[in-house]
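Take this structure first; my questions come after.
The values are calculated or read from the model by the stated rules, or taken from the named source; none is laboratory data. In this text, all values refer to a predicted model and were calculated from it rather than measured experimentally. We place every Cβ from the backbone using ideal geometry, glycine too, and count neighbours over all the protein chains shown. Surface areas here come from the heavy atoms of the whole protein model, side chains and all, with no ligands, DNA or RNA. Shrake-Rupley method; radii C 1.70, N 1.55, O 1.52, S 1.80 Å.
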Amino acid sequence: MLQHLIAQDGDLRMVPTDRDQLTAAVEKIREELLALPEGTDGDRARDLTRWTGIGLMTLGHHDDARVFLRQALDLAAASGNTRAVIAAELNLADAYRYAGEAQAADAFYRRALDGARGQHPELVDFALQHLGKHLMEQGDLATARAHLQEALRLRITEGDAGLIESTQAALDRVELLTKETTA
């Protein structure tokens, strides 16, 4: 929905490719969300809420992002969509991480990983990637490396070149940070 307006910076965090365009796109999604008629498909409301939160997080509006992402998580849980719950937990964890709230982020990342391992093995690589990047930022480079290596193995098995590249970039970042701390 907003992927074309979001890139990763050198620290592997989401940043706008064009701040003005992303701001306008997020506002458009919020307007669509507000205009949803009563009784609209809950999946649509959840998706719009989640993408509003992701956009706000990318723009640096962490408090507002957490409100929307918490709402997306609640909508996913209420619908019983465990796959959507895991996705929302990962996004909410990212919002906490971006805001510097490592403890809250860690709890959501670990919950998402546990949920993926227990119910949606196809999401384990995503949970490992997000948790690995969080651990990297927290300076736990050995554990970050282990999580990212596991994610890479899973992604190689799946054969998605873009996901493999993303995980390799995170592993390269861990290696760079490791060299910096031992130099």
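Would you please name the residue that is most open to solvent (accessible area, probe 1.4 Å), looking only at residues in the range 162-183 that are within 14 Å of His147 (Cβ to Cβ) and hydroxyl-bearing (Ser, Thr, Tyr)?
Looking at the filtered set, the residue picked out is Ser166.
Also, quick follow-up: When residues of the range 13-46 are filtered for being part of a helix (DSSP H, G or I) and either surrounded by fewer than 18 Cβ atoms within 10 Å (Cβ to Cβ) or without any contact (Cβ under 8 Å) to a residue 24 or more places away in the chain (or both), how many remain?
Matching residues across the range 13-46 total 16.
Can you tell me which residues in the range 120-135 are touching a residue at least 40 places away in the same chain (Cβ under 8 Å), among the hydrophobic types (A, V, I, L, M, F, W, C) and open to solvent by less than 10 Å² (accessible area, probe 1.4 Å)?
Correct list: Ala127 only.
Oh, and also: Taking the conditions exactly as written (open to solvent by 10 Å² or more (accessible area, probe 1.4 Å), over 23 Å from Val124 (Cα atoms), in a loop (DSSP other than H, G, I, E, B) and modelled with pLDDT under 95), does Gly10 satisfy them or not?
When the stated conditions are applied, Gly10 passes them.
Please enumerate the residues belonging to the range 55-82 that are within 14 Å of Ala99 (Cβ to Cβ), touching a residue at least 40 places away in the same chain (Cβ under 8 Å) and within 13 Å of the chain's Cα centre (by Cα).
Listed by number, the residues that qualify are Met57, Thr58.
Report, by residue number, each residue of the range 164-182 that is of a type in the set (D, E, K, R) and within 17 Å of the chain's Cα centre (by Cα).
Glu165
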